[in-house]
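Remarks on the structure that follows.
The values are calculated or read from the model by the stated rules, or taken from the named source; none is laboratory data. Just so it is clear, the model here is predicted, and its values are computed rather than measured. FYI the Cβ positions are ideal-geometry reconstructions off the backbone, even for glycines, and counts take in every protein chain you see. The accessibility values were calculated without ligands, DNA or RNA, using every heavy atom of the protein model including side chains. Shrake-Rupley method; radii C 1.70, N 1.55, O 1.52, S 1.80 Å.
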Amino acid sequence: GNNLPWHETLSKEQCLAAAPGLNPKGLTGGVAFYDCQMASCERLTYSVVESAVAAGAAVYNYVEAEELVGTSNSIERVRLRDRITGRTTEISARLVVNATGSWAEWLLKRLSPVLRDDDSKYRISLSKGVQLVIPQLMPRYGLALESNENPGERIVSRGNRSFFVAPWRGMSLLGTTESVWELEPDRF
């Protein structure tokens, strides 16, 4: 079938066989869990766009929304500017999807006077995640490891944290860090 297997408990020996680089000191065993990984998430986005077009959606790329017209419950029209040609056009639709990702809140606040009055209703919390791409450590498995960080060394303690090592395109991803991001989505 297409179902992922259930998790399974691994002995210390099984863990070391699966991940030979692990330090055996203090290791008592582990748990194998099965998950999915998407090596090319942009392909998923593209397939959603293709499906939308096949279902009759009008899709625009390289455009900037200049004005949203509607009520607090519905956007009825959008004025767009083509970022390549500079031409503007207005479109009407029964349903407008704000697929701007991290910029969704910014777009709503900037372009819709109706929504600007109640920004708490449309608050989106952003976070910044960082992963390192390193030479491949393990081709078949991902690991979730608890850090050895001493929580007492920080001003605010959230306890020990997990980090992950996951195979990815012949390399390994190491991470992730997550922190609150309060600047514009495209600021670094």
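Inside region 1-21, can you point out the residues that are free of Cβ contacts under 8 Å to residues at least 40 places away in the same chain, open to solvent by less than 60 Å² (accessible area, probe 1.4 Å) and under 29 Å from the mean Cα position of the chain (by Cα)? Within region 1-21, no residue meets the criteria.
Residues that are open to solvent by 80 Å² or more (accessible area, probe 1.4 Å) and closer than 18 Å to TYR141 by Cβ within region 33-48 comprise PHE33, TYR34, ASP35, CYS36, GLN37, MET38, listed in sequence order.
Can you find, within region 22-32, the residue that is modelled with the highest pLDDT among those that are open to solvent by less than 80 Å² (accessible area, probe 1.4 Å) and in a loop (DSSP other than H, G, I, E, B)? Applying the filter and picking the extreme gives PRO24. Counting only strands (runs of 3 or more DSSP E) wholly contained in region 69-148, the ones carrying 1 or more residues that are more than 26 Å from the chain's Cα centre (by Cα) and modelled with pLDDT of 80 or more occupy 75-82, 88-92.
Remark: GLU64 falls outside the filter, which requires a residue to be free of Cβ contacts under 8 Å to residues at least 24 places away in the same chain, among the charged types (D, E, K, R), surrounded by 11 or more Cβ atoms within 10 Å (Cβ to Cβ) and under 14 Å from VAL97 (Cβ atoms). Residue-level check: of (1) modelled with pLDDT under 80; (2) of a type in the set (A, V, I, L, M); (3) under 25 Å from the mean Cα position of the chain (by Cα), ALA52 misses just (1).
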